[in-house]
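Below you'll find the structure, written out as structure tokens, and then a few comments.
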Amino acid sequence: MLVVFFKGIIIFIFVLFVIRLMGKRELGEMQPFELVITIIIAEVACIPMNDPGIPIYYGIIPIITLVVLHFTISILSRKSLRMRKFFSGNSMIVVDKDGVNYKNLKALNMDVSDLIEAVRSNDYADLRQIQYVILETNGAVSIIPKEDAEDNVTDYLPIPLVLDGKYINQNMDIAGVTKPMLTKKFNQMGLHNIKDILLCDIRQDGSMYIQPKRKKYITTKMSIEGGGNW
């Protein structure tokens, strides 16, 4: 029992030293390779702690190996853009001047719901406020707002009526909007297939933001009955 106790203390101090040596980034700011190395270190550190019969160096040597690997990758990434791209990937624009970039969103294996949630988490309730959204290599979301956004944009809360080609019936009931009403509006905008629409949302004043999958976004307005319901 004492062996496990002292091995636990030694491993804890060693891992703490290693993590501080690797840098003080928060978990959400790590590059992919840094996150993988950190997870493996946590797993390797447990091996000699859980079994008194396993020598402590069975944990320490692999951890040292991982730390050397971390610094090697970091140096290569600083000296070579190609290596940085290989280990960390590229930042990708998911919202641009034309609206949501469906191609990049698909390449990142994100859906439009993930994007809306990320935008709201950064204190932007409405895509009309945003000029660019960039997904960084460490998973962080960078948002560049529009300088000429309308002053009353933040007065309303948009709710989605269509997400990735599918109607959101619950929200349509809240807004007092029917499928025939939406179909008519989409046809007026030159959109004849619901599956071609990545996002359509509406606000309490009836203003709409329609994002086709492969075209520039459209803003329009329609009369609704449920504007006071949310």
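Only the coordinates and a few stated rules stand behind these numbers; no lab work does. Predicted, not measured: the structure shown is a model, and the values here were computed from it. Cβ coordinates were reconstructed from backbone atoms using ideal geometry, including for glycine residues, and neighbour counts include every protein chain displayed.
Numbers at a glance
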read-out: Helix-only CD estimate at 222 nm, as mean residue ellipticity for the chain, using -39500 (n - 2.57) per DSSP H run (n ≥ 4); value: -14500 deg cm²/dmol
read-out: Distance between the stretch 193-218 and the stretch 80-120 - C-alpha centres, whole angstrom; value: 20
read-out: Given Lys79/Lys216; Lys7/Lys79; Lys79/Lys213; Lys103/Lys184; Lys97/Lys195, the pairs whose alpha carbons are separated by over 30 Å; value: Lys79/Lys216; Lys7/Lys79; Lys79/Lys213
read-out: Compactness of the stretch 92-221 as Cα Rg over 2.2 N^0.38 Å, two decimals; value: 1.01
read-out: Rg/Rg_globular for the stretch 1-154, with Rg_globular taken as 2.2 N^0.38 Å and Rg from C-alpha atoms; value: 1.43
read-out: Residue range of the chain that is longest and free of GluC sites (Glu not before Pro) which are both DSSP loop and sparsely packed (at most 14 other C-beta within 10 Å); value: 27-146
read-out: Rh (Kirkwood; distinct C-alpha pairs) - the stretch 2-87, Å; value: 13.8
